[in-house]
Amino acid sequence: MKAIEIRNKYLKFFEKNGHKIIPSASLIPENDPSVLFNTAGMQPLVPYLLGEKHPEGRRLTDYQKCVRTNDIDEVGDNRHLTYFEMLGNWSLGDYFKEESIAMSYKFLTEELGIPNEKISVTCFAGDKDCPKDTVAYECWKKAGIPDERIYFFGKDDNWWIAGEEGPCGPDTEMFYDTGKPKCSPECNPACDCGKYVEIWNNVFMEFYKDKNGYTKLKQQNVDTGLGLERMTMLLQGKETPFEIELFAPVMEKLEKLQKVDNIQSRRIIAEHLRSSMMIINDGGRPSNVDRGYILRRLLRRMTRHMNKLEIDLSILGDIIDTSIESLKELYPELEKNKETIKQVIITEKDKFIKTLKNGEKEFEKVANKTKNNNQTIIDAESVFNLYETYGFPPEMTEELASEQGLTVDMKNYQKLFEEHQAKSRMGSDIKFKGGLASTGEIETKYHTATHLLNAALKVVLGNHVHQKGSNITTERLRFDFSHGAKMTDEEKQKVEDLVNEYIKQDIKVERIEMKKEEALKLGAEAMFLDKYGEDVIVYKIGDISLEFCGGPHVESTGCLGTFKIKKEEASSAGVRRIKAILL
Ligand code: SER
């Protein structure tokens, strides 16, 4: 069965079971600076898991484009991918464990034709936060999975949360038995020897976690995720995702084009190319920060591995064509945006190949020097120089080093990098912190009002409130902040009154230059701490507010007029959004 058939079967099956099909969200999360890419199907749905009404109802199904980059260095082995597609079905306070498990079992056995004996499952073993999931266990028994193929594990294996804070809960996971022998008598689905492959994860999201612990959500949700590439691979009896139709044509092409044989490099090229295309298609562009930097790393790593295989880099366009050809059935948008995608990738490649050869030579010198000095760690200055002069992301130098049994001094590299950035950052902080496109008089007022709002929210809701995003136009301010629940009308009123009180007091706004350390000691609020150098600017508004900020601000609060909250809504996982105006 091809990937597209599995996706279609999935969506149809859940549609038949009362679910509405919703489109995949963009890989680039809207207005959520706390994550670079969508890493799971649940991410765009967080407000609805927390209780907001979804316009399409309480049963949804979708495919979600995901990028996970924490394992980027593992790509090249037989299973890691940075981009993947997750099929999901969602109950937003509708059905729970019983129906979810019954549907999953039916889909696996009847729609995909997986025999019962091939399926093992795991359930949550229970701990102080949540009892053992005997309900899930009973449901599996009822479906026909015998005791010996039902396992119980703790939070490490059977609890799902995206990051540190947010909706979460115990999960039950389904595993496919590849038929390989057990690696030891104890071998079980938690073992990653390759006998058992996880195919589906049903999360019973009824908790919310923040730093104070777990609380129950308003509703019991189900969030399931089935990795499309992995399922396709298993159903086709393949050993790696690189053998399925989404990658095979590119892999074959690379094999024909290469002058040096290396399967890891071919996988890295094919995989990074696909991820990059998907990111570019959703609007990502290479740069030196955040998601642009990840894209740059993917493209530069891809280019280096093409170089390693001695593939003529001028035919990258053909390779892109081949890749899009095999992906367009799943993502017709790639075909539509082909020219842009090609242009972005080829431009980045061209930029990099100018320095790649010289950079590699320079690296060899550095590596030899290190070895001749009987050292195994490449010094930070050399790593920095390779980045500054030759465009080698430090992670790439690290990878090159590891091929020769060397490591790099990342810690001091980071320091050097920050020192270097400190000055140029001072200027860019203005844009970063305030989210300001231009800073006219009205925007400046909104900027100061944003600081007052941040301070008032802390007073009314608590010190867990931190800025997560900000955007200002001449019409309004928009402020995203960490807070787990919808604000009550009373809370909103209190915040509004407090901001207006601060305005009435006509408090002086002071711009102070100081050392980062000192500002932190004083408890200054910072949104992206690691974005700041040693010397920082903070803005102080009486005893009310102290924030890292490039400004500009009004001289004193009296000129702001009247502050009014227009809207309070969910923004993303544990993040609320306020839109407010000055009258
Ligand atoms: N959120 C879960 C996961 O990513 C299930 O969709 O695995």
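Our coupling estimate for the stretch 18-29, obtained by passing each phi through the Karplus curve with A = 6.51, B = -1.76, C = 1.60 and θ = phi - 60°, is x, 9, 8, 7, 10, x, 5, 6, 4, 5, 9, x Hz, Gly and Pro reported as x.
Counting alpha carbon pairs within less than 8 Å and at least 6 residues apart, what relative contact order, in whole percent, applies to the chain? Each step should come with its number before you reach the end.
Details: 1044 pairs, mean separation 65.3, N = 583.
Relative contact order here is 11 percent.
Subtracting the Cα-Cα distance of residue 98 and residue 318 from their residue separation scaled by 0.36 nm leaves 74.3 nm.
Under the 0.36 nm per residue contour assumption, what length would be gained going from the current alpha-carbon distance of residue 21 and residue 371 to full extension?
Values: separation 350, 0.36 × 350 = 126.00 nm, distance 5.81 nm.
Gain on stretching residue 21 to residue 371: 120.2 nm.
Counting only Cβ charges, +1 for Lys and Arg and -1 for Asp and Glu, the dipole size of the stretch 1-100 around its Cα centre is about 460 debye. Per residue, the solvent-accessible area of the stretch 1-71 (1.4 Å probe, heavy atoms of protein chains only, all protein chains present) comes to 45 Å².
Among the GluC sites (Glu not before Pro) within the stretch 96-159, not one is in coil by DSSP while having at most 15 neighbouring Cβ atoms inside 10 Å.
Volume per residue for the stretch 148-210 equals 92 cubic angstrom (convex hull of Cα atoms). Between residue 357 and residue 252, residue separation times 0.36 nm minus the direct Cα-Cα distance comes to 35.2 nm. Modelled label positions at residue 70 and residue 566, each set 7 Å beyond Cα in the direction of Cβ, lie 3.8 nm from each other.
Taking only protein heavy atoms into account and a 1.4 Å probe, give the accessible area per residue of the stretch 266-392 in Å².
Ligands and nucleic acids excluded, the result is 41 Å² per residue.
Starting with the highest mean, order 51-57, 300-306, 79-85 by the number of other Cβ atoms within 10 Å, averaged over the residues of each peptide. Working shown, then result.
Details: 51-57: 13.4, 300-306: 24.0, 79-85: 21.7.
My ranking of the peptides, most packed first, is 300-306, 79-85, 51-57.
Dipole size of the chain about its Cα centre, with +1 on Lys/Arg Cβ and -1 on Asp/Glu Cβ: approximately 760 debye, rounded to the nearest 20.
Legend: distances between Cα atoms for 468/566; 20/209; 2/141; 415/516; 253/328; pairs beyond 21 Å are 20/209; 2/141.
Can you say what percent of the DSSP beta bridges in the stretch 472-583, counting only those with both residues inside, are antiparallel? Round to 5. Display every interim value, and only then the final one.
Working: 27 of 28 bridges.
Rounded to the nearest five, the antiparallel share is 95 percent.
Distance between the 7 Å Cα→Cβ label points at residue 188 and residue 240: 3.1 nm. FRET efficiency for the pair residue 30 and residue 504, taken as 1/(1 + (r/R0)^6) with r the Cβ-Cβ distance and R0 = 25 Å, rounds to 0.10. In the full protein context, the stretch 141-234 carries 44 Å² of accessible surface per residue, based on a 1.4 Å probe and ignoring ligands, DNA and RNA. Annotation: the antiparallel percentage among DSSP beta bridges lying fully within the chain is about 90. Convex hull of alpha carbon positions in the stretch 1-135: directionally averaged projected area 10.7 nm².
Per-residue ellipticity at 222 nm from helix content only, as computed over the chain with -39500 (n - 2.57) for each DSSP H run of at least four residues, stands at -13000 deg cm²/dmol. Taking every C-alpha pair closer than 8 Å and separated by at least 6 residues, the mean separation divided by the residue count of the stretch 457-583 gives a relative contact order of 30 percent. Using the Karplus relation 6.51 cos²θ - 1.76 cosθ + 1.60 with θ = phi - 60°, the per-residue 3J(HN,Hα) values for the stretch 406-411 come to 10, 10, 10, 7, 5, 5 Hz, with x marking Gly and Pro. Remark: relative contact order (the stretch 142-249) = 20 percent; criterion is Cα-Cα distance under 8 angstrom and separation of 6 or more residues. The rule of thumb for compact globular proteins, 2.2 N^0.38 Å, goes into the C-alpha radius of gyration of the stretch 467-580 1.13 times. The Rg/Rh ratio of the stretch 164-272, with Rg taken over Cα atoms and Rh as the Kirkwood radius over Cα pairs, comes to 1.13. For the chain, compute Rh as the Kirkwood radius over C-alpha pairs and then the Stokes-Einstein diffusion coefficient at 37 °C and 0.692 mPa s; write the answer in µm²/s, rounded to an integer. Value of D from the Cα-based Kirkwood radius: 124 µm²/s.
Taking the 1.4 Å solvent-accessible surface of the chain as the whole, the part contributed by carbon and sulfur is 48%. Considering only 450, 152, 560, the residue lying farthest towards the positive end of the dipole of the chain is 560, judged by Cα position with unit charges set on Cβ.
The values are calculated or read from the model by the stated rules, or taken from the named source; none is laboratory data. Every value quoted in this text rests on a predicted model; they were computed, and no experiment measured them. Neighbour counts are summed over all protein chains in view; Cβ atoms, including those assigned to glycine, are modelled from backbone coordinates with ideal geometry. These accessible areas exclude ligands, DNA and RNA; they are computed on the full protein's heavy atoms, side chains included. Shrake-Rupley method; radii C 1.70, N 1.55, O 1.52, S 1.80 Å.
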